[in-house]
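Since every read-out is calculated from the coordinates, none of them should be taken as a lab result. None of these values were measured; they are calculated from a predicted model. Please note: Cβ atoms are built from the backbone with ideal geometry, for glycine as well, and neighbour counts cover all protein chains shown.
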Amino acid sequence: MQLGKATREAYGEALAALGAEMPELVVLDADLSKSTMSKKFADKFPDRFFNMGIAEANMVGVAAGLAAGGKIPFASSFASFLICKGFDQLRMAVAYQGENAKFCGTHAGISIGEDGVSQQGIEDVALACTLNGFVVLVPADEHEMRAAVRAAAHHHGPVYLRAGRPKAPVVYPGGKDVFTIGKADTVRDGKDVTIIACGLMTGAALEAAEALAAQGISARVLNMASVKPLDDDAVRNAARQTGALVVAEEHIAHGGLGSLVAMTVAAAVPVPVEFVNMGNRYAESGTPEELLAKYGLTAADIAAAAKRAMARK
Amino acid sequence: MSVPSPVRSLDELRCLAKRLRCHVVRMITAAKSGHPGGSLSAAELITALYFGGVLRHDPAAPRDPNRDRFIMSKGHAVPILYAALAEAGYFPVEQLLTLRKLGSPLQGHPSKADMPIMEASTGSLGQGLSVGIGLALAAKLDGADYRTYVMVGDGEAEEGQVWEAAMSAAARKLDNLVCILDYNKCQLDGPICEILNWEPVPDKWAAFGWHVIEVDGHDLAAVLAAFADAKTVTGKPVCLVAHTVKGEGVSFMAGNNEWHGKAPTPEECAAAVCELA
């Protein structure tokens, strides 16, 4: 697949574009603005950008206060630091009363690569999903990220966005203008099995579907960028219509998209589900490609899981 | 429209502080749980804020965008704040006795979700000052002249986030932000100097770039003067280091950290109220 920009780059671009039309939008970062790309906003709107230094807990609290003061703050850092160091603040200062504050964790997953475990945010989706009232979005490519940032800005309430470090395969070559929170996108239709994916794994799922098609298997691909709220209808329909599911995510096994899909399926349409994730383990240093291969997050892993799911029908 | 509350005489304010203390003891007794010590140490500070003309606020317009903000970051001391809000007319005084009861907006720790006039939900210590910085920044962005006050406990200041916030407020020269440190020298398990001694307290705030004002936190005239002083400071946030006594006002609670988080028995309540009458 054609590689587009990294979703973090699209995040920064979207903020810079929104800044002109939303005067109440303010941006915070924790000394990683060149990496999270929030610098793109800072360069255009220096008076509305706050570099809070390497102090994530304080940054989350300040974002809550800015929201209480009528601003629409977007605060970013690496997913691992933002969510893990800021979690109590996300819970008390933001989620408890539903402050209108937005957070973007970048360099999520193991595709950050060589930096290793300390920088690899692999629990962030699970943790964010436990925050009551939070919307959790994991866009698949640059186009979807731009639309998701806009949707987050216009949504009243807390939002967590997940962005990646590497260039992401283009899932929406024709662009994506509107992101609807709570709606999945069928990016490829199929009847034998459905692959539900988010983030970097959506591109891999499309590759897997292509490979499966060559073997006579028709796979549907649901891009579930809106992890919370989950598009339960799309999941139930996929279960009913294709009878077998695969959930693919760049995350630990527990608490992420796979867990949420499993709850929906178990409650409504119990069909076989196979899970493609990195298991419950910490990764290591390596190139993104090496890590994705070693930890089971490739198109081939997804295709193999699809066959296992179909065999259990 | 939010305006400074009408100026009252020192005698009236002293009476009010006693009345707030009575409320606190009765509320916590009725709730059968709560934290009297840290509420009682803050009685004069809260009285000065809400009744001494320090805070610009209006019970008839609690969401006025120009109101001054007050955050009780040491959330366990919220009974003294509830008492002041009730006496000021934000809700009926009778409601105070619903503290910590199922369905009451008077949650055990401040909940903006249950009571929107709380400017922040607190109780997980260390968080209020950061939220206060956000409000102070929002005011600066809007060119608004409301001020933000955050009460922090000295035990609470053992939390690292307080010092992240301290650096941050000074770096941003937030002279519309006042941290009120209730320096009562006690925490749950004992005296602060025996648990995590972080003396010299005023020097640390000064070293972090704050304008420090030390005051006897039970001397209402001095407290009012200190708040007035704080309003004249420019270019720096102000830390009002208020020397207080935990449990002040009730002889058997004063200075005794056993009363950090214990409800009085009905007999102890009667004895306390008698002393405060």
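Can you sort B:Cys269, A:Cys104 from fewest to most other Cβ atoms within 10 Å of each residue's own Cβ? Walk me through the numbers on the way to the answer.
Details: B:Cys269 20, A:Cys104 32.
The fewest-first ordering by Cβ neighbours comes to B:Cys269, A:Cys104.
Working from the pairwise distances between different alpha carbons, so that the mean of 1/r is found and then inverted, what is region A:185-311's Kirkwood radius in Å?
Working: mean 1/r = 0.0706 Å⁻¹.
Roughly 14.2 Å, rounded to one decimal.
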- Note on the structure: Inter-chain shielding metric for B:176-182, i.e. average beta-carbon neighbours from other chains within 10 angstrom, reads 0
- Note on the structure: Cβ density ranking, 10 Å radius, fewest first, applied to B:Lys236, A:Lys294 yields A:Lys294, B:Lys236
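Considering all projection directions equally, how large on average is the shadow of the alpha-carbon convex hull of region B:124-229, in square nanometres?
6.9 nm²
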- Query: For region B:109-185, what is the convex hull volume of the alpha-carbon atoms per residue, in Å³?
  - Reply: 93 Å³
- Message: For a bin width of 5 Å, list the pair-distance distribution of region B:168-277 built from all Cα-Cα distances, rounded to whole %.
- Response: 2, 11, 17, 17, 16, 14, 11, 6, 3, 1, 0
- Let me have the 222 nm mean residue ellipticity of chain B computed from DSSP H runs of 4+ only, each contributing -39500 (n - 2.57), with the sum over all residues rounded to the nearest 500. -11500 deg cm²/dmol
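Rounded to the nearest 20 debye, what is the charge dipole size of region B:1-84 about its Cα centre when +1 sits on each Lys and Arg Cβ and -1 on each Asp and Glu Cβ?
260 debye
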- Item | Debye intensity ratio I(q)/I(0), log10, region A:1-99, q values 0.13 Å⁻¹ (C-alpha model) | -0.43
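Compute the FRET efficiency between B:Glu258 and A:His154 as 1/(1 + (r/R0)^6), taking r as their Cβ-Cβ distance and R0 = 45 Å, and round to the nearest 0.05. The partial results should precede the final answer.
Working: r = 53 Å, r/R0 = 1.17.
Efficiency at R0 = 45 Å is approximately 0.30.
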- Message: To the nearest 20 Debye, how big is the dipole of chain B about its Cα centre, given +1 on the beta carbon of each Lys and Arg and -1 on that of each Asp and Glu?
- Response: 660 debye
- Over the Cα atoms of region A:3-169, what Rg and Dmax result, in angstrom? 13.9, 40
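With both bridge residues required to lie in the protein assembly as shown, what share of the DSSP beta bridges run antiparallel, to the nearest 5%?
Working: 11 of 67 bridges.
Of the beta bridges lying entirely in the protein assembly as shown, close to 15 percent run antiparallel.
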- Message: Relative to 2.2 N^0.38 Å, what does the C-alpha radius of gyration of region B:57-159 come to as a ratio? Two decimals please.
- Response: 1.08
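Got the relative contact order for region A:185-311 handy, in percent, Cα pairs under 8 Å and 6 or more residues apart?
Working: 248 pairs, mean separation 37.7, N = 127.
Relative contact order comes out at 30 percent.
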- When DSSP assigns beta bridges and you keep just the ones with both residues in region B:176-277, what percent turn out antiparallel, to the nearest 5? 15 percent
- Message: Averaged over its residues, how many other protein chain Cβ atoms are within 10 Å of peptide A:72-79's Cβ atoms?
- Response: 0
- For B:Glu199 and A:Lys34, extending 7 Å from Cα along the Cα-Cβ vector and measuring point to point gives, in nm, a value of 4.5 nm
- Note on the structure: Links exceeding 24 Å between C-alpha atoms in this model, out of A:Lys39/A:Lys228; A:Lys5/A:Lys176; A:Lys5/A:Lys85; A:Lys39/B:Lys140; B:Lys18/B:Lys204; A:Lys85/B:Lys236, come to A:Lys39/A:Lys228; A:Lys5/A:Lys85; B:Lys18/B:Lys204; A:Lys85/B:Lys236
- At q = 0.08, 0.15 Å⁻¹, work out log10 I(q)/I(0) for chain A with the Debye formula, treating every Cα as an identical point scatterer and leaving solvent out; two decimals please. -0.32, -1.11
- Could you estimate the translational diffusion coefficient of chain B from the Stokes-Einstein equation, with Rh from the Kirkwood formula over C-alpha pairs, at 4 °C and 1.567 mPa s, in whole µm²/s? 70 µm²/s
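Quick one: A:Arg220, A:Arg91, fewest Cβ neighbours within 10 Å first, how do they rank? Walk me through the numbers before you get to the answer.
On the way: A:Arg220 23, A:Arg91 19.
Going from least to most buried by this count: A:Arg91, A:Arg220.
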- Taking only Cα atoms of region A:152-227, radius of gyration then Dmax in Å: 13.8, 46
- Query: Going toward the positive end of the dipole of region A:3-169, with +1 on Lys and Arg Cβ and -1 on Asp and Glu Cβ, which of A:Gly61, A:Met37, A:Ala108 do you reach last?
  - Reply: A:Met37
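What is the mean number of Cβ atoms from other protein chains located within 10 Å of the Cβ atom of each residue in peptide B:64-77, rounded to a whole number? Intermediate results must be reported in sequence, preceding the final value.
Working: counts 0, 2, 0, 0, 0, 3, 0, 2, 0, 1, 0, 1, 0, 0.
Across the residues of B:64-77, the mean count of other-chain Cβ atoms within 10 Å is 1.
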- Query: How big is the shadow of the Cα convex hull of the protein assembly as shown, averaged over all directions, in nm²?
  - Reply: 27.4 nm²
- Under a plain spin-label model, where a point goes 7 Å from the Cα along Cα-to-Cβ, how far apart in nm are B:Ala228 and A:Asp177? 6.3 nm
